[in-house]
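**Student:** Shown below is the structure under consideration.
The values are calculated or read from the model by the stated rules, or taken from the named source; none is laboratory data. Every value quoted in this text rests on a predicted model; they were computed, and no experiment measured them. With ideal geometry, Cβ positions are generated from the backbone for all residues, glycine too; neighbour counts draw on all protein chains shown. Note: areas computed on protein heavy atoms with side chains; ligands, DNA, RNA excluded. Shrake-Rupley method; radii C 1.70, N 1.55, O 1.52, S 1.80 Å.
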Amino acid sequence: MKRVGVLALQGAVREHLQSIEACGAEAVSVKWPKDLESLDALILPGGESTAMRRLIDRYNMMEPLRQFAETGKPMFGTCAGLILLAETVVGEDQPHLGVMDVAVERNSFGRQVDSFEVPLEINGIEGAFEAVFIRAPHIVSAGPSTEVLCVHDGKIVMAKNGQFLGCSFHPELTEDHRVTAYFLSMIPSKSGLLLPN
Ligand code: GLN
């Protein structure tokens with residue numbers, strides 16, 4: 001069974017855990033460096049990126065998260081999680097993890113409308129996906145190796161860059177688990193490692 005972690009320091013953790021389980025994988029709540037051991041993939045949830053960053057530092061998770069990224073295992077940042085993954089955060093000197101080849105801008109969908117729901121067409125997912133945006137960031141630019149998966153209102157709201165998947169919205173807040181399933185499909189199958197005996 002695939003083991004998928006959710007960084008559980010702040011934000012929409014429980015819904016991601018439930019969505020992973022709904023997709024038939026084992027969900028692991030990640031608070032300490034040791035929790036990253038033996039995971040096949042990791043989700044960085046939505047919430048508040050500056051608050052999450054403070055907790056990452058307090059729990060000494062920055063270096064272990066960078067090391068996890070270096071293993072090449074899939075990582076999925078949703079909303080604030082996307083901000084944590086991005087190589088560039090507009091208006092900020094330093095990125096957080098800085099591993100995904102995109103630049104993001106925070107709170108990019110206007111002040112009046114803090115949150116909204118909209119059906120999206122996502123490359124690789126059949127039919128519309130009802131997406132919940134909450135003070136969402138968007139991807140202002142993406143490197144040449146980044147595949148744009150969804151654009152809303154002229155703004156990139158979902159993209160994949162090698163092992164990294166990021167989206168502006170909260171795919172875990174509805175009963176539709178297809179975006180989580182898409183992420184789980186990025187985990188290489190272990191069958192190739194089975195030795196004949
Ligand atoms: N606005 C938040 C931030 O900048 C992200 C919001 C969210 O994750 N729903 O971190």
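**Student:** Once you've got the GNM for the chain with C-alpha springs shorter than 10 Å, pick whichever of Ala128, Ala80, Ala12 has the biggest mean-square fluctuation.
**Tutor:** Among Ala128, Ala80, Ala12, the largest mean-square fluctuation in the Gaussian network model of the chain belongs to Ala128.
**Student:** Calculate, in nm to one decimal, what Val148 and Thr174 gain on full extension: separation in residues at 0.36 nm each, minus their alpha carbon distance.
**Tutor:** Gain in length upon complete extension: 7.1 nm.
**Student:** Now for a different question. What accessible area per residue comes out for the chain, rounded to a whole number of Å², with a 1.4 Å probe?
**Tutor:** 48
**Student:** Roughly how many Å² of Arg106 are accessible to a 1.4 Å probe, to the nearest 10?
**Tutor:** Near enough 60 Å² of accessible area.
**Student:** On a full-extension model of 0.36 nm per residue, what is the gain between Val113 and Thr50, subtracting their alpha-carbon distance, rounded to one decimal in nm?
**Tutor:** 20.6 nm
**Student:** Taking a temperature of 25 °C and a viscosity of 0.890 mPa s, what whole-number D in µm²/s does Stokes-Einstein yield for segment 65-138 with Rh from Kirkwood over alpha carbon pairs?
**Tutor:** Translational D for this selection: 178 µm²/s.
**Student:** If you don't mind, there's one more thing I want to ask. Of Gln18, Gln163, Gln94, which is the most mobile in a GNM of the chain whose springs link Cα atoms less than 10 angstrom apart?
**Tutor:** Answer for the Gaussian network model of the chain: Gln94.
**Student:** Which of Val118, Val89, Val102 ends up with the largest GNM mean-square fluctuation for the chain, with Cα atoms connected below 10 Å?
**Tutor:** Result for the chain, Cα springs under 10 Å: Val118 fluctuates most.
**Student:** Same structure, new question: Taking all pairs of distinct Cα atoms, average 1/r, flip it, and tell me the Kirkwood hydrodynamic radius of the chain in Å to one decimal place.
**Tutor:** 16.7
**Student:** Just to verify a number: FRET efficiency for Glu130 and Arg3, C-beta to C-beta distance, R0 = 30 Å, to 0.05?
**Tutor:** Result of the calculation: an efficiency of 0.60.
**Student:** What part of the accessible area of the chain, given as a whole %, is carbon or sulfur when the probe is 1.4 angstrom?
**Tutor:** Taking all protein chains in place, the chain shows 49 percent carbon and sulfur surface.
**Student:** Turning to a different aspect of this structure: If R0 is 41 Å, what FRET efficiency do you get for Met62 and Asn123 from their C-beta distance, rounded to 0.05?
**Tutor:** 0.80
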